[in-house]
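Every number in this text was worked out from the coordinates using simple rules, so none of it is lab data. Note that the structure is predicted; figures quoted are calculated from it, not measured. For neighbour counting, all protein chains shown are included, and Cβ atoms are generated from backbone atoms with ideal geometry for every residue, glycine included.
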Amino acid sequence: MLMSASSEFVVLCQEQMMLLAQGLGASLSVVYLTQELVEAPTNEAKLVPVVVYPETAMGRQGVNALALPKFNQKLLTAAKEFGTEDTTASNSQQELLSGDQIFLPLIYEDVMMGLLVTAREDRAWNEQERSQIERVAQTLTIACILDQRRTWLEVQLHQQQILQEKQQDLLDNLLHQFRNPLTALRTFGKLLMKRLRAGDANREVAESIVRESDRLQELLQKFDEAIDLSAEDLAPLKLPEKNEVFVEATVEKEDKPVLLLPGAGEKKTECYLADVLQPLLVSAQAIAQERNLQLMSNIPSNLPLVRINPKALTEVLSNIIDNALKYTPPGGKILIQVGQEKDNFQGVTITDNGPGIPPEDLEHLGERHYRGVQAQTEIPGTGLGLAIAKQLVEQMQGKIEVFSPALPSKISLPQAPGTTFIVWLPVVSD
């Protein structure tokens, strides 16, 4: 069903009808639009007059007199069928459109959108005048299509707005429900720390629970900020009015951190890589033990300072180590070492002796939602971990290198190609 014609479309039709009257001497011109009858099971259609010029013609015969005669075939059909329809006018219409009459369908992509009818009482139309009237019909057809597209787009924008509001409500509900178990988890971790003595090996596990809970709490706060839309943000979107002009916007690239990324908005600082890695190794060791993996590390004590964002680097290394733990099969080994240097960078190397990464997937690493061959396995994942890690490292002026098969190391196995990730971070200059 055609959407209702806008006031702008009606004004354009009136201007075109005025041109026919003043320029060509048309005594009456009518623009109809095809409106599908939604209650009709056979997809029948009718023509509805939207513009009559001059408007005084409406008073002489009334609206019913302007309705075109019934056609033997449906109007919403291919244009080639239009010429086969019975266009014999009724007595009332013949009286209204006396003289030389022209019926021109408004056709777009073989679909009849409407009809232009014009008549002149004093003389017949010549070939040049008929050509001008055809151009008017083409103009009205284009205007009709643009008008319908505009209306359709406004409907789509409104539906998108409704969907956005529903998503907002859903996220608010989920976040509210997420806070309670997170608070309980952090409380349990603190209780464990109080009950365990300082020398107890399990105390590190309790500390890891509290630390990861704090990390989740920070991410939750960032998430709140990201979806905290104001009333203006949720206001219905509208297209520009007819007097407004579209201007192509130029987007300026700024080095602003992404709101949801860890450490967003925090300045880089000087620290030792061991201070960032040590807490991660405690958590990773517990996970490796549970999955029957051997986790080894080599972190020298005389490492130089690096300039990093500690929270961002924690997220980077956590994602890469988590991938190694996730994709290395039981009985495998993982080696984490620091000390490799190149130019003014210090490297953190994470190597595993798992199945490795196919060559066709290597070039896509770091692309959002790309999982490659891993998407065919039962191992859960979103394809976002490495993309986030890559973005965070680049914000710290570092870089990530990936090698598969893995670089030679003491955990290398002939039957397991493995993978090596090296996170290069800028060293503090003397």
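The table for this structure:
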{"item": "Size of electric dipole in the stretch 167-227: Cβ of Lys, Arg +1 and of Asp, Glu -1, about Cα centre, debye, nearest 20", "result": "480 debye"}
{"item": "Gyration tensor verdict on the stretch 167-227 (Cα atoms; rounded if a/c is under 1.5, prolate if a/b is larger than b/c, oblate otherwise)", "result": "prolate"}
{"item": "Whether the stretch 310-430 is rounded, prolate or oblate, judged on the alpha carbon gyration tensor where a/c under 1.5 counts as rounded", "result": "oblate"}
{"item": "Highest average packing first - 203-215, 294-306, Cβ atoms within 10 Å", "result": "203-215, 294-306"}
{"item": "Within-13-Å neighbourhood charge of L325 [Cβ basis; K, R +1; D, E -1]", "result": "0"}
{"item": "Dipole magnitude (debye, nearest 20) for the stretch 269-426, charges at Cβ of Lys, Arg, Asp, Glu", "result": "200 debye"}
{"item": "Sequence ranges 188-197, 111-120, ranked by mean other-Cβ count within 10 angstrom, highest first", "result": "111-120, 188-197"}
